[in-house]
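The values are calculated or read from the model by the stated rules, or taken from the named source; none is laboratory data. The model shown is predicted, which means the values in this text are computed figures rather than measured ones. So basically every Cβ, Gly included, is an ideal-geometry build from the backbone, and we count neighbours across all protein chains shown. Just the protein is used for accessible areas: all its heavy atoms, side chains included, with ligands, DNA and RNA removed. Shrake-Rupley method; radii C 1.70, N 1.55, O 1.52, S 1.80 Å.
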Amino acid sequence: MIIDETGTVKKGDKSVGVSWQYCGNVGKLANSQVAVMSCLSNGDFASMTDARLFLPQKWCDDKARCDKADIPQDLRQFKTKTEIAYDIVEHHNKLGVEFDFVGGDGLYGNDPELARKINALGYVYMFDIHKDQHVFIEEPLLEVPESKLGKGRKPKLLRPDKKSMRVDKYCDALSKDDWIEIKIRPRLSDLCRKKIKDSLFITLIMCILEAQKQKNNTSPFGCTRLSFMSTKIAKIGITTNKISGRGGLPLFLRYSEQIGLYGLISRSISSLLTGNSKGLQLQQFVKQIIAFFIDGTHMAISGFDQSKK
């Protein structure tokens with residue numbers, strides 16, 4: 001089981017739990033909602049199993065705001081993200097869900113109370129920790145130290161009998177033979193990019209072939225067909241440019257526009273997107289996405305000359 005949180009950026013202040021807080025999706029503080037989620041993972045496959053909204057302290061302290069948002073009374077008690085994470089694990093335990101271990105990033109790994117409670121449930125935990133986290137190589141004994149030379153106040157707090165050390169210092173002291181390298185799986189970004197690029201390319205080819213099959217002068221998407229292709233050719237030469245080169249990519253994008261490809265894709269995905277007056281026009285956005293996957297980079301066309309140099 002993997003525990004992590006996700007954030008959704010919001011514009012207003014009406015959504016339940018919205019607050020100025022760290023949002024992982026943008027990597028900074030933002031007006032957003034944050035939820036703690038869990039998924040069960042097996043190799044390259046994963047499935048979400050639980051999601052719970054994080055309610056900031058100022059929401060819990062504002063009864064009128066909670067009443068207006070119709071938040072149930074039993075959900076108005078403030079809980080940290082690590083406490084929510086434990087509730088999720090405990091819920092799975094009561095349901096009898098089986099998993100080998102509980103994993104999470106440094107937010108959860110730096111809460112020793114969470115680790116102790118998960119261990120008490122009988123689960124193995126594998127949490128990330130920050131590099132400046134202090135650890136003990138051997139389990140220490142906690143005891144109240146004796147006062148030195150009988151001077152000063154008598155110690156009352158428990159102290160470990162062994163010294164701790166930063167985890168990065170401990171790792172630096174290890175030799176190469178102390179490590180075992182294991183490959184978990186390919187990077188998710190590589191897998192996603194390949195799948196998206198392959199499926200998009202197949203879709204493009206199918207749409208272009210469908211448009212070319214039309215016998216009349218109007219494409220099935222309401223656009224004039226290939227009027228620019230009647231331009232006289234002034235020169236024919238040999239080039240090493242591929243379709244993503246300076247001459248190939250603009251021609252392909254213009255061709256795609258003339259056969260109505262952008263309109264087709266825009267209408268297919270318009271119901272999945274939220275409009276924003278500050279954003280790009282949908283067809284222009286689609287054009288940029290197609291250019292990105294055909295080219296295989298995020299480089300603007302004007303950058304090809306610089307790359308050549």
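Distance between the pseudo-spin-label points of Leu53 and His130 (7 Å out from Cα toward the beta carbon): 2.9 nm. Computed with a 1.4 Å probe on the full set of protein chains, the accessible area for Leu158 sits at about 110 Å². Here each label is just a point 7 Å from Cα along the line to Cβ, and for Gln288 and Glu113 those points are 4.5 nm apart.
Only sites in a loop by DSSP and with at most 12 other Cβ atoms within 10 Å count here; which GluC sites (Glu not before Pro) in the range 31-140 make the cut? Intermediate values should be presented prior to the final figure.
Working: sites: Glu83, Glu90, Glu98, Glu113, Glu138; in loops: Glu98, Glu138.
In loop regions of the range 31-140 (DSSP not H, G, I, E or B), the sparsely surrounded GluC sites (Glu not before Pro) are Glu98, Glu138.
Expressed as a whole percent, the accessible surface of the range 30-165 that belongs to carbon and sulfur atoms is 52, based on a 1.4 Å probe. Extending 7 Å from Cα along the Cβ direction at Asn93 and again at Thr6 yields two label points whose distance is 2.6 nm. How high is the FRET efficiency from Ala64 to Val26, r the C-beta distance, R0 45 Å, rounded to 0.05? The computed FRET efficiency comes out at 0.95.
Counting heavy atoms of the protein chains only and a 1.4 Å probe, report the per residue accessible area for the range 84-163 as a whole number of Å².
On the way: 6170 Å² over 80 residues.
For the range 84-163, the solvent-accessible area averages 77 Å² per residue.
Can you give the charge dipole size of the range 1-130 about its Cα centre, rounded to the nearest 20 debye, using +1 on the beta carbon of Lys and Arg and -1 on the beta carbon of Asp and Glu? Could you put the intermediate results ahead of the total?
Numbers: 15 positive and 19 negative charges, 129 e Å.
So the dipole magnitude of the range 1-130 works out to roughly 620 debye.
Quote the FRET efficiency, to the nearest 0.05, computed for Glu83 versus Ser147 with a Förster distance R0 of 30 Å and r equal to the Cβ-Cβ distance. Kindly include the intermediate steps, with their values, before the conclusion.
Values: r = 38 Å, r/R0 = 1.26.
Step by step, r from the Cβ atoms, then E = 0.20.
Nearest 0.05, what FRET efficiency do Gln281 and Ser15 give at R0 = 35 Å with Cβ-Cβ as r?
0.85
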